[in-house]
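The values are calculated or read from the model by the stated rules, or taken from the named source; none is laboratory data. As the structure is a prediction and not an experimental result, all values here were calculated from the model. Because the Cβ atoms are built from the backbone with ideal geometry, glycine has one as well, and the counts that use them run over all protein chains shown.
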Ligand SMILES: Nc1nc2c(ncn2[C@@H]2O[C@H](COP(=O)(O)OP(=O)(O)OP(=O)(O)O)[C@@H](O)[C@H]2O)c(=O)[nH]1
Ligand SMILES: [Mg+2]
């Protein structure tokens, strides 16, 4: 198991099911009280450790700890509420650095091609459906693509969503070539004048090299059919994943032009602190959050609301 720089275990198993932010609150608040009285190396290290364990990532943690330390020394943090507000504001700052554009990409000439990628069960298919619902409400015309030809039942799942939403779908054959399906779908969308093509892809572990190559090919083939495609590649993350999301994100971004993140299952107990690190490391914004299993449970990402959820 890897060790962090203060010699603690950093594997997922150290995290447990309980929200790490509850632990941060306990440990960090205590430590800030100590900081306020006078700087204590152990207190700083404990705060650092708790942030690392909350999947914050090393650079963001060091940055935040430095700031907390300075603010405490200067007497700007004296109460729990001040600490809470301070940490929330810093998280917002981390997420808003560079003034990220969180809107969905739009091709100069329709259709705009959006790929949904991620590990198994993250929420890709549900996100595609919810995105279709949002876009249709905004007056866009959407074509769904069932390009998960790998998992049994995946094509039927997309077809069921298409019927429920009343949007057209282009589906592949089970075990067929997903790149060919996406190519055909872009063709179909161009003929129909659809403004968005939303392509579902099969879940895959970032460690499965062949499947990652297959996905890279899907993106390349889309680009051959339509200039600039995929115009948006959304990496869908499960908020309950923890630290592993960072490794996932790195590998997907090596193979694909990941342009945005979607954080699903934020309606459960998980707070998804890891997206702060993922977003910063990849240099791409979180665009949406999934807040349930229904067709309307997708919301634009709001960093202030997110920070409040992280530091309740
Ligand atoms: N509570 C909750 N459940 C979600 C959310 N998003 C997806 N789910 C559920 O998570 C499960 C997996 O969602 P899918 O959309 O099928 O995930 P996927 O990434 O397409 O999965 P594979 O195709 O198997 O890789 C389903 O039961 C969804 O209803 C969310 O935001 N909140
Ligand atoms: Mg799926």
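Observations on the model:
- The criterion of being touching a residue at least 24 places away in the same chain (Cβ under 8 Å), closer than 16 Å to residue 149 by Cβ and in contact with a strand residue (DSSP E or B) (Cβ under 7 Å, 6 or more places away or on another chain) holds for residue 199.
- Output for the range 232-246, where each listed residue is in contact with a helix residue (DSSP H, G or I) (Cβ under 9 Å, 6 or more places away or on another chain) and either surrounded by fewer than 22 Cβ atoms within 10 Å (Cβ to Cβ) or assigned to a loop (DSSP other than H, G, I, E, B) (or both): 239, 241, 242, 243, 244, 246
- Exactly one residue out of 145, 158, 117, 113 is more than 16 Å from ligand 1 (Cβ to nearest atom) and surrounded by 24 or more Cβ atoms within 10 Å (Cβ to Cβ): that is 113.
- The range 295-312: number of residues that are touching a residue at least 24 places away in the same chain (Cβ under 8 Å) and either buried (at least 17 other Cβ atoms within 10 Å of the Cβ) or farther than 16 Å from residue 87 by Cβ (or both): 12
- Of all residues in the range 172-202 being within 16 Å of ligand 1 (Cβ to nearest atom) and buried (at least 22 other Cβ atoms within 10 Å of the Cβ), the one that is nearest to residue 109 (Cα to Cα): 198
- Unique match (being touching a strand residue (DSSP E or B) at 6+ places or on another chain (Cβ under 9 Å) and within 24 Å of residue 252 (Cβ to Cβ)) among 182, 167: 182
- Boolean, residue 251 is part of a strand (DSSP E or B) and within 20 Å of the chain's Cα centre (by Cα): no
- Single residue of 131, 135, 143 found to be in a strand (DSSP E or B) and away from ligand 2 (no atom under 11 Å from the Cβ): 143
- Of all the listed residues (262, 284), the sole one being assigned to a strand (DSSP E or B) and modelled with pLDDT of 95 or more is 262.
- Residues that are in contact with a strand residue (DSSP E or B) (Cβ under 8 Å, 6 or more places away or on another chain) and either part of a helix (DSSP H, G or I) or surrounded by fewer than 21 Cβ atoms within 10 Å (Cβ to Cβ) (or both) occur in the range 84-102; there is at least one.
- Subset of the range 146-159 (residues that are outside any loop (DSSP other than H, G, I, E, B) and within 12 Å of ligand 2 (Cβ to nearest atom)): 146, 147, 154, 155, 156, 157, 158
- Tallying residues that are part of a helix (DSSP H, G or I) and either within 18 Å of residue 230 (Cα to Cα) or more than 14 Å from ligand 1 (Cβ to nearest atom) (or both) within the range 265-281 yields 7.
- Hits in the range 198-219 (condition: farther than 21 Å from residue 171 by Cβ and part of a helix (DSSP H, G or I)): 209, 210, 212, 213, 216
- Qualifying residue in the range 156-179 (condition: touching a residue at least 60 places away in the same chain (Cβ under 8 Å) and more than 23 Å from the chain's Cα centre (by Cα)): yes
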